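Here the structure is laid out as structure tokens; the discussion comes afterwards.
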Amino acid sequence: MPIDKISDKFSDLGLSSEVLDAVREAGYKNPTPIQLKSIPHLLEGKDILGIAQTGTGKTAGFTLPMIEILAAGRARARMPRSLILEPTRELAAQVAENFSTYGKNHKLTMALLIGGVSFVEQNEKLDRGVDVLIATPGRLLDQFERGRILLADIKLLVVDEADRMLDMGFIPDIEKVMNLLPYTRQTAMFSATMPSEVQRLADSYMVNPIKIEVAPEKIAAETVTQRLYIIDGGKLEKQNTLLHLIKKENVKNAIVFCNRKRDVRTLDQALRKSGLNSQALHGDLPQSIRTDTLEKFRVGDINVLVASDVAARGLDINEMSHVFNYDVPTNADDYIHRIGRTGRAGKRGHAITLSTLEDDKYVQQIEQNIGHKLKKEKIANEHKHIKRIKNQAKNLKGEKKRENKTNKYHNKVNKEKETNIQEKDKDTLGMGDHIPAFLQK
Ligand code: AMP
């Protein structure tokens, strides 16, 4: 089909019946805009530069044509035929999962080279020969330098989330990898934004790339309600407000985002102390724990995930009820990524941001980015109000206790006084038990 006559059907994109079957079984009815635009070009062997974010369906946008391209041919030992570079282990694992789904009707082999996972099994696969290698840049170079893999047979390279690679300092590693690949390979690069470093990478290592841009997810899905709570107190008030909101809202499962790993740890501990079923996810944790935590969250054994951006980027967990920005993200695009974790597939979602007065400039940037003001709520006051009521109740209780004590004391004193008077009267009157009725109480 000519590229300029883009269809809106999967069946018109040039994909084989095996791939179309897998797509149908995945439940996809129509291609997303990035898929419509990238699949035909990739099948034609062109380089593409896709400006698209996670959530747009870009993974299928490059995986489906990749499966077609690799369908003919066979892998040789230690010489993978295609390479997908991902910035984080989670994304690499997720792409591998997608690859298995879309490639279920093909006999393609795949290896995953990510930090924290044992080399042994992956090396065995590589030794036998794999069609697709999905890797993080550091681990890939490590294995290359040990002589475990050869990159001379790579026909198709995908660099995913290039701007995130830049943020994480991976660009020099990517350049090293690019220089090890055959010049004749096909390249697809995806990035949510196009900073100059990413553009330079594209200019240096791609041949006449076709630029494909899909509308960034500026507007969060309409199914996500966004609210902002201003915290004018300190850290404790922020924590208490979060706890109050988690308990007050009907939270089924939530990600709580912090800007710093250190805060992920401390907040997770605080939430658990308060009886919540939470766990932390950040880049410093061993891969086995990260995988285990994600799985528990996916199946509902944990319902609050306290996470940093890097760890949570691109996570595809369906039916998440809430996203909390415990810290306002300092990068306005991260806000869109974060809140895009909820309100998926037509389900309702809630995005709640806690903001201190110092965060004001970041809130303004976010509002500019999404094109509207965030709805301000006064829950912090409500929360304080609740605290005030509690304190008042406490004071009241105290007062009541004090009042009771005083009453008791007065009663006692009065009784004693009475007894004394009676005794005195007895003495004075000298009447003993024979008190005249009118003097008796
Ligand atoms: P991605 O941006 O690749 O991370 O994809 C985001 C989500 O969209 C994943 O849950 C995919 O399974 C889903 N997805 C991808 N393509 C389609 C499609 N054509 N129709 C419906 N869902 C899709």
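The values are calculated or read from the model by the stated rules, or taken from the named source; none is laboratory data. Just so it is clear, the structure is predicted and the values come from calculations on it, not from any experiment. Glycine gets a Cβ as well: all are built from the backbone with ideal geometry, and neighbour counts include every protein chain shown. Please note that ligands, DNA and RNA were not included when accessible areas were found on the heavy atoms of the full protein model with its side chains. Shrake-Rupley method; radii C 1.70, N 1.55, O 1.52, S 1.80 Å.
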remark   = With R₀ set to 35 angstrom, the calculated FRET efficiency between the beta-carbons of residue 319 and residue 361, to the nearest 0.05, is 0.55
task = Tally up the carbon and sulfur contribution to the accessible surface of region 3-213 as a whole percent, 1.4 Å probe, everything protein left in place.
result = 50 percent
message = Counting other C-beta atoms within 10 Å, and keeping those with at most 15, which DSSP coil GluC sites (Glu not before Pro) do you find in region 1-83?
response = 44
query = Can you list residues whose amide H is under 5 Å from residue 213's amide H, if they're 5+ apart or on another chain and H is modeled 1.01 Å from N?
reply = 51
query = What is the Cα centroid distance between region 49-84 and region 354-372, reported in whole angstrom?
reply = 37 Å
Contour minus Cα-Cα distance for residue 184 and residue 79 (0.36 nm per residue) = 36.2 nm
task = With label points built 7 Å along Cα→Cβ from the Cα atoms of residue 12 and residue 207, find their separation and express it in nm.
result = 3.0 nm
note = Per residue, accessible area of region 3-213 with a 1.4 Å probe, heavy atoms of protein chains only, in Å², comes to 41 Å²
inquiry  = Accessible area of region 224-380 with a 1.4 Å probe: how many percent of it is carbon plus sulfur?
reply    = 48 percent
query = When you count, for each residue, the other Cβ atoms within 10 Å and take the mean per peptide, how do 83-91, 249-257 rank with the highest first?
reply = 83-91, 249-257
inquiry  = Explain nothing, just the number: dipole magnitude of region 3-213 about its Cα centre with +1 on each Lys and Arg Cβ and -1 on each Asp and Glu Cβ, in debye rounded to the nearest 20.
reply    = 500 debye
query = Over all distinct alpha-carbon pairs, what is the Kirkwood Rh of region 250-321 in angstrom?
reply = 12.0 Å
